[in-house]
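To start, the structure under review is shown below, and the notes come after it.
The values are calculated or read from the model by the stated rules, or taken from the named source; none is laboratory data. Quick caveat: nothing in here was measured; it's all calculated off a predicted structure. Cβ atoms come from the backbone with ideal geometry, glycine included; neighbour counts cover every protein chain shown. In case anyone asks, the SASA skips ligands and DNA or RNA and just uses the protein heavy atoms, side chains included. Shrake-Rupley method; radii C 1.70, N 1.55, O 1.52, S 1.80 Å.
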Amino acid sequence: MMAQWRDRIMKIAALRGVAGREHRAAESLCEMLKPFAPDAVCRDGSVIGHIGDFADHSKPRLMLCAHLDQVGFFVTDITDDGFVRIGAVGGIDRRLLAGQPVILCTQSGEELFGVISILPPHLNKGDSTVPEWEQFCVDFGFASADAAKEKITLGDAVYFAQQPMPLLHDRITAPALDNRCGVAAVLGAAEQIAALPKDALPCAVTVVFSAQEERGSRGARIAATEEQPDIAIAVDVTFAMSHGEKPYGCMTLGKGPAIGISSTLDEALSQALICTAVAVGIPYQKEIMPDGTGTDADLLALAPGGAAAATVSIPLQYMHTPVEIIDCGDVAQTAALLAAFAGRCRDL
């Protein structure tokens, strides 16, 4: 069972879709969703599909939303000697950039491999200051600016080059697990919900893989306005304990999804998710966020007429780096919790 989850997560994590350049990833995810939501479509970089009877207005409308975009870079300049300058899309720590392998996706769809340049040790005078963004360049092997400009356009997307890899004990490492593991969980939940008899589903479910969460949750804002859910659950990642960290405020890999408790979330909905987890025997953790969640949930709550919003998050180590790590069991448990909630939401 975990092997199937591992393969699904790795396949989804391998898609390329930096915020603002999600369309190719969205098209692939739309095809993955269609077996469970046949009307699934791509809209402005997001994916939206429906499960259940939307003609029955007595049923609450439940939205399950996971953002599909990832952090990365845009090309900002090409130097006279053929090096490529980049700027970050989303929060990326400059300390980890020097020497990183990257992939550039050209306008024609070609992928170019390069490395972020770094001074060799004998030229480094012992200054440990982290370089500023304008000091980083990518070396693709071009000998001149003219050669680079034949293939590269300003604004092209650049990604960390690492591929998803399995680790021991059902864990995975990849650059885009934030938030492709959340997408995998919602896709798994959609599969389970779609398998229910139509008259056994007490709600109408909208599945959203949202664009541009890393740049202000634009996709979630549009989806909430268009779909007008009564209940909206953002499925994202949260910080997991790693070596040397203090346990305060961190979740733990392998101990189940984190249910959010926040001043911006609906308290009754958060408690309903906890009750569902207890009722069906799903392990869970509580994530306390007094001043907002920093996820799509903060925007989903602003749907026309208002929506009860909640978060269900997957613990993740090394966020916004090329080596993010998750536990496949946490993703499977997240999908199970979402599906169980959808099947019980009228009774909660």
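Considering each residue of segment 6-60, count those that are in a helix (DSSP H, G or I), open to solvent by 60 Å² or more (accessible area, probe 1.4 Å) and more than 24 Å from Arg171 (Cα to Cα), and give that number. Number satisfying all stated conditions: 4. Looking at this structure, is Leu302 under 22 Å from Asp69 (Cα atoms) and touching a residue at least 40 places away in the same chain (Cβ under 8 Å)? The answer is yes for Leu302.
Just to verify a result, which residue in segment 287-336, among those that are among the β-branched types (Val, Ile, Thr) and in contact with a Phe, Trp or Tyr (Cβ under 7 Å, 6 or more places away or on another chain), is most open to solvent (accessible area, probe 1.4 Å)? This residue is Ile325.
Looking across segment 337-348, the residues that are open to solvent by 10 Å² or more (accessible area, probe 1.4 Å) and at pLDDT 95 or above come down to Ala339, Ala340.
For Met2, the requirement of being more than 23 Å from Gly219 (Cα to Cα), touching a Gly at 6+ places or on another chain (Cβ under 8 Å) and open to solvent by 10 Å² or more (accessible area, probe 1.4 Å) is met. Taking the criterion of being part of a helix (DSSP H, G or I), modelled with pLDDT of 95 or more and open to solvent by 60 Å² or more (accessible area, probe 1.4 Å), would at least one residue in segment 187-207 satisfy it? Checking segment 187-207: at least one residue is part of a helix (DSSP H, G or I), modelled with pLDDT of 95 or more and open to solvent by 60 Å² or more (accessible area, probe 1.4 Å).
How about segment 142-185: which of its residues are buried (at least 16 other Cβ atoms within 10 Å of the Cβ) and in a helix (DSSP H, G or I)? Matches in segment 142-185: Ala145, Ala148, Leu177, Asp178, Asn179, Arg180, Cys181, Gly182, Val183, Ala184, Ala185. The test for being of a type outside the set (Gly, Ala, Ser), part of a helix (DSSP H, G or I) and closer than 17 Å to Cys181 by Cα holds for Leu337.
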